[in-house]
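This report concerns only the one structure given below.
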Amino acid sequence: MKLLTMTDDPAAIVAALRDFAPPADEVRSTVTAIVSEVRAHGDDAVRAYSRRLDKVDLPLDYRLPAAAMQQALADTAPPLRAALELAAANIRAYHEREAPRRWRQTLAQGQVVGQEVVPMRVAGLYVPGGLANYPSSVLMTAIPAQVAGCERIVVCSPPRQGEGVPGEGDGVPGGGSVATGVAAACALLGITDLYPIGGAQAVAAMACGTAVVPRCDVIVGPGNAYVTEAKRQVMGEVAIDSLAGPSEVLIVADAAGNPDWLAADLLAQAEHGAGAMGVLVDIGGELGERVAAAVATLASELGIDYGNIAVVAVPDSAAAVALVNAFAPEHLELHLDAAAELVPRIRNAGAIFVGPYAATAFADYAAGSNHVLPTGGCARFAQGLSVVHFQKRIGVVELDSAAAQALAPHVTIIAEAEGLRSHARSATLRME
């Protein structure tokens, strides 16, 4: 655990906290080979890599049967199902509010301009699940796609060995199975396209299309370094949400902060695994030792490594805000009495959690906002997963004769200044 003190330059602290290198050459070359193989050989390559990397034999048609997903939902413990239903309702309400709308406006020369909002036809969702069970990631990625109006939603999640929800015609026990929570969440949302494939081969299959997996227009969702590199390599032939890295939280608190709450929130990010980090920005420098002790105690109890947790002492709230905007955290928690007053001063954050009760964990599951957020400082220019990732805005222009005649002289002047004579002629013809 690091204990740091901020100097006049927040960039120096950010550099000390971050050490996110680009994908290693080994990752890049491995992914390049996988994407090329899937592009050339389709499902044969997908099955070969699933056998080699995941140690499962997929059937020829490895799409999970709808009946198996429905059975997973029926077998879900009632309290868990109720919690997932509540979370789904909140997430849907949030995304319905943010959805863009079609519009029209008549401008001064009489032309009507506006936009149409068109959903992507096929949305591809990557849901981690090789060793874990993440129904929440299904809700977070699928619901905005549904709100957007996508015609088809495709979910890929890594296969399980000897457990999970099995497909049909498995070559070995557990071949073609997926995590039970992922299958149940798909059934809860009415999703029928679920494929037990993971890693770069899953991304390549969704980007290129195979005989079993439909070609997708957009691919979203979190994943490991291989998934992220695969998204990087197919970007351009398919839309993606972002290149997300390890999870992170930055918490701003003063002497009134609760050390036990702060420790739990910091460790909630650390338990995401390799590269995940938590940073406490300690206004006044009075919390550091107490939080460090609380982190050590709770980490020992829960068996969580806390090597990637740091405390940074800052003199005041202005320095805290400067550090926040320089760091651009995925999650920002404000454990302050006047937390709401700081929000307008925050320019760079994936999501802001206002007040000590607003732990990141609530939004990870059920508060309503999306938990797929920009990491690694990308909140400087990126934002969380939303309905707009699954839609296209198409500009619309309508002109009648009067509007054309009013605009044509101005268009002609600009076109001739740029040396584009046919543009000018196209406009002047409408004047005649």
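The values are calculated or read from the model by the stated rules, or taken from the named source; none is laboratory data. Everything quoted here is computed from the prediction, not taken from an experiment. Heads up, the Cβs are rebuilt from the backbone with ideal geometry, glycines too, and the neighbour counts pull from every protein chain shown.
Checked against the criterion of being under 30 Å from Ala82 (Cβ atoms), aliphatic (A, V, I, L, M) and assigned to a helix (DSSP H, G or I), segment 399-421 contains not a single residue that satisfies it. A count restricted to segment 1-33 and to residues that are at pLDDT 80 or above and touching an Asp or Glu at 6+ places or on another chain (Cβ under 7 Å) stands at 3. As a summary of the residue check, Gly303 satisfies the conditions (1) touching a residue at least 24 places away in the same chain (Cβ under 8 Å); (2) under 30 Å from Gly223 (Cβ atoms); (3) not polar (S, T, N, Q) except for the one numbered (1).
Filtering segment 170-192 to residues that are closer than 24 Å to Arg215 by Cβ and at pLDDT below 90 leaves only Gly176. Would you be able to say whether some residue in segment 382-392 is of a type in the set (A, V, I, L, M, F, W, C), in contact with a Pro (Cβ under 6 Å, 6 or more places away or on another chain), modelled with pLDDT under 95 and not in a helix (DSSP H, G or I)? Within segment 382-392, one or more residues are of a type in the set (A, V, I, L, M, F, W, C), in contact with a Pro (Cβ under 6 Å, 6 or more places away or on another chain), modelled with pLDDT under 95 and not in a helix (DSSP H, G or I). Could you list all residues from segment 134-156 that are within 16 Å of Tyr195 (Cα to Cα) and in a helix (DSSP H, G or I)? Pro135, Ser137, Val138, Thr141, Ala142 - these are the residues of segment 134-156 that are within 16 Å of Tyr195 (Cα to Cα) and in a helix (DSSP H, G or I).
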